[in-house]
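Here the structure comes first, spelled out in structure tokens, and everything after it is commentary.
The values are calculated or read from the model by the stated rules, or taken from the named source; none is laboratory data. These numbers come from a predicted model, not from an experiment. Here Cβ is always computed from backbone atoms with ideal geometry, including for glycine, and neighbour counts include all displayed protein chains.
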Amino acid sequence: MTDPVTPYVTLSDGTRMPAVGLGTFGSDKYGPEEIAEAVYGAVKAGYRLIDCAEVYGNEDKIGEALGRLFREGAVRREELFVVSKVWNDHHGCVGEACENSLAALGLDYLDAYYIHWPFPNYHAPGCDGDSRNPDSKPFSADEFLSTYRQCEALYDEGKIRAIGVSNMTVSKLEAVFPSLRVRPTLIEMELHPAFRQKDLRAWCADHGLQPVGFCPLGSPSRPERDKTSEDIAAMEMPVVKEIAARHGIHPAAVCLKWSRQSGAVPIPFSVKPQQYRMNLACLTEDPLTDEELAAIDASDADCRLIKGQVFLWEGADDWRELWT
């Protein structure tokens, strides 16, 4: 059996980007070595987009895996689309953070670099959902623009090929977009059948931002601090299970097909070869029908799973305040 060919999308600046990637956030359950081995196997299986971040704590091991792949001739650097993200407590030293990621990954440039969250609020690794940092503050357009200007400088230097934003809302984007010299081409957002983000995706389509969907399977293995009794599991939604049965596939494949056919680039995480191979293969065969896509869209539960409550500031009582 041959490995599937990775599909591609074209970004607003003309860059070709793989239309599916491997997420690498799994530090709550898997060690850096396990995730790096998944990167190695996924690239050998046909993946060309690797979604990394400083805060995931595994870029050095992923860099070792990439080095192995390059030395073995399994892939050339220019064939990969490797991204990273500046963490919240490094908004004042973006250049240093980027250099650290480049050194850890063993690369000379990043294909894209995201501002991970639009504010400098941060939390200790592995904290519980009730943790609060006294230095946290509400979103500030001026502070965000200061961080973004540092990303523009990295773009000018050739350290990064594109700028991305993440965990933004329409109101935040509208507050900063007119002031950006180098427009972002990518936006990461939570996206799955139970949380469609229709308005945000429409805004992005009008402004040349390619959605990259994290938690495309509904993130069943997300940290405990992000789970509540009201959460809806995308793969357990009746419409998703009915479509999966009709096609004879796993509900995870339905979620990924919906994401890709809706115009997003999904970045599912898995360390298991059978799973990450299936995640790639399902996007190149047996597409969902227009009727099936419409049925999923009609079942949107507006259920945000990654609520970000650990980033709340003094006086803020509800995680929804982060998203207004």
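Worth pointing out:
- Extreme residue, farthest from the chain's Cα centre (by Cα), among residues of segment 202-221 that are assigned to a loop (DSSP other than H, G, I, E, B) and not aliphatic (A, V, I, L, M): His207
- Residue check, Asp286 of a type in the set (Asp, Glu), closer than 17 Å to Ala252 by Cβ and touching a helix residue (DSSP H, G or I) at 6+ places or on another chain (Cβ under 9 Å): yes
- Breaking point among (1) closer than 21 Å to Asp226 by Cα; (2) more than 17 Å from the chain's Cα centre (by Cα), for Phe144: (1)
- Exclusive hit being within 20 Å of Val212 (Cα to Cα), hydrophobic (A, V, I, L, M, F, W, C) and touching a strand residue (DSSP E or B) at 6+ places or on another chain (Cβ under 6 Å), set Ile296, Ile267: Ile267
- Residues in segment 63-85 that are within 10 Å of Ser101 (Cβ to Cβ), in contact (Cβ under 8 Å) with a residue 40 or more places away in the chain and in contact with a strand residue (DSSP E or B) (Cβ under 8 Å, 6 or more places away or on another chain): Val83, Lys85.
- Filter result for Phe177 (at pLDDT 95 or above, over 19 Å from Phe269 (Cα atoms), touching a helix residue (DSSP H, G or I) at 6+ places or on another chain (Cβ under 8 Å) and of a type in the set (Phe, Trp, Tyr)): no
- Only one of Cys282, Cys255, Cys303, Cys215 that is of a type in the set (A, V, I, L, M, F, W, C) and on the phi > 0 side of the Ramachandran plot: Cys215
- Gly92 closer than 19 Å to Lys44 by Cα and small (Gly, Ala, Ser): no
- Test for Arg246: is it within 19 Å of the chain's Cα centre (by Cα) and of a type in the set (Lys, Arg): no
- Residue pairs whose Cβ atoms lie under 8 Å apart, separated by 6 or more positions or on different chains, with the first residue in segment 143-158 and farther than 11 Å from Val182 by Cβ and among the polar types (S, T, N, Q) and the second modelled with pLDDT of 95 or more and in a helix (DSSP H, G or I), are Thr147/Val94; Gln150/Val94; Gln150/Gly95.
- Qualifying strands (runs of 3 or more DSSP E) (wholly inside segment 1-76; at least 3 residues being surrounded by 14 or more Cβ atoms within 10 Å (Cβ to Cβ) and modelled with pLDDT of 95 or more): 49-51
- Filter result for Gly92 (at positive phi, free of Cβ contacts under 8 Å to residues at least 60 places away in the same chain and either surrounded by fewer than 19 Cβ atoms within 10 Å (Cβ to Cβ) or aromatic (Phe, Trp, Tyr) (or both)): no
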